[in-house]
Amino acid sequence: MKIVRIRKKERETYGLIQDGKIATKDDITYSTGVPIPIQVRDFLFDGWISEIKSNFSKISFTHDLSEFELLAPLPNPQKIICLAFNYINHAKEQGLTPPNEPSIVMKPRTTLCGTDSDIVCPKFVKELDYEIELAIIIGKECKNIPEEEAVSTIFGCMILNDVSARDIQFQDEQFTRAKSFDTFAPCGPWITTMDEIEDAQNLRLITKINGEERQNSNTKNMHLKIPQIISKLSNVMTLEPGDIISTGTPYGVSLKNPNTPFLKDGDAIHMEIEGLGTIQNTVRFVD
């Protein structure tokens, strides 16, 4: 299933999407008779998914996507964990060797925004960069989980743009402030459950800026693979339902690439991951 969080005329809700059409929460309850909860988080992680799957054929998808504003699929994750230098070619373009343990930064949930939202950046930032990443959503609590069981903890996947202020990053000599500005984690456009993803470790990722291709890679090029990431992180911290783990970006960012300029006001960013949809965002610099 593809679960989408939406807003129309200031009313926020959620629904499912199929072939470009949406069934809202109210539509789903009306079609199936299943009184699914008001909050999307409760729907995702409190056991309702299996019941809706068994009644899926009854659901009518009648609304066009254009009727709604698409929001960040998860409003209140406990953790947003982003890996650095997890693609061999990206590490090499930065003059580094990919680490064998997760090198991470935690982004606050206020960075999240949906597709078609503006990335709002203060004008004092001079080197704004993009990073397409496969984000995995944890579906059940886990601690010290072995690699062979790790994939069973994943609820689904989505696209995440780990936006970074590189000048702030080098000024601070660490990542957190540079990646923590509000709107610096556009994501979505929805969550795709794992049963609809044939192989999360073999998905094409593409970034275009104003129509120009900047990144074109595949999740198979990760250094630490998805089961390793989950297992190694769970050895450090308890992973909880709704946690977002963003698995790193491939070659082609602006940093240390003289032929790929940093983002400027009005730039249109288009990101696509095979089978997961696309997100589009516009850069806006503000005082």
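In the stretch 131-146, is there at least one residue being within 13 Å of residue 263 (Cα to Cα), modelled with pLDDT of 95 or more and in contact with a Ser or Thr (Cβ under 8 Å, 6 or more places away or on another chain)? Checking the stretch 131-146: at least one residue is within 13 Å of residue 263 (Cα to Cα), modelled with pLDDT of 95 or more and in contact with a Ser or Thr (Cβ under 8 Å, 6 or more places away or on another chain). Screening the candidates 70, 44, 65 for the property of being in contact (Cβ under 8 Å) with a residue 24 or more places away in the chain, out of contact with any strand residue (DSSP E or B) (no Cβ under 6 Å at 6 or more places or on another chain) and crowded, with 21+ Cβ neighbours inside 10 Å yields one hit, 44.
A single member of 213, 198 is within 19 Å of residue 90 (Cα to Cα) and surrounded by fewer than 23 Cβ atoms within 10 Å (Cβ to Cβ), and it is 213. Taking residue 16 as the residue in question, decide whether it is within 18 Å of residue 196 (Cα to Cα), in contact with a Phe, Trp or Tyr (Cβ under 7 Å, 6 or more places away or on another chain) and in contact (Cβ under 8 Å) with a residue 24 or more places away in the chain. So residue 16 does not fit the description; no. Which of the residues belonging to the stretch 235-270 are within 20 Å of residue 89 (Cα to Cα) and surrounded by fewer than 16 Cβ atoms within 10 Å (Cβ to Cβ)? Correct list: 256, 257, 258, 259, 261.
The values are calculated or read from the model by the stated rules, or taken from the named source; none is laboratory data. No experiment lies behind these values; they were computed from the predicted model shown. All Cβ positions, glycine included, derive from the backbone under ideal geometry; neighbour counts span all protein chains shown.
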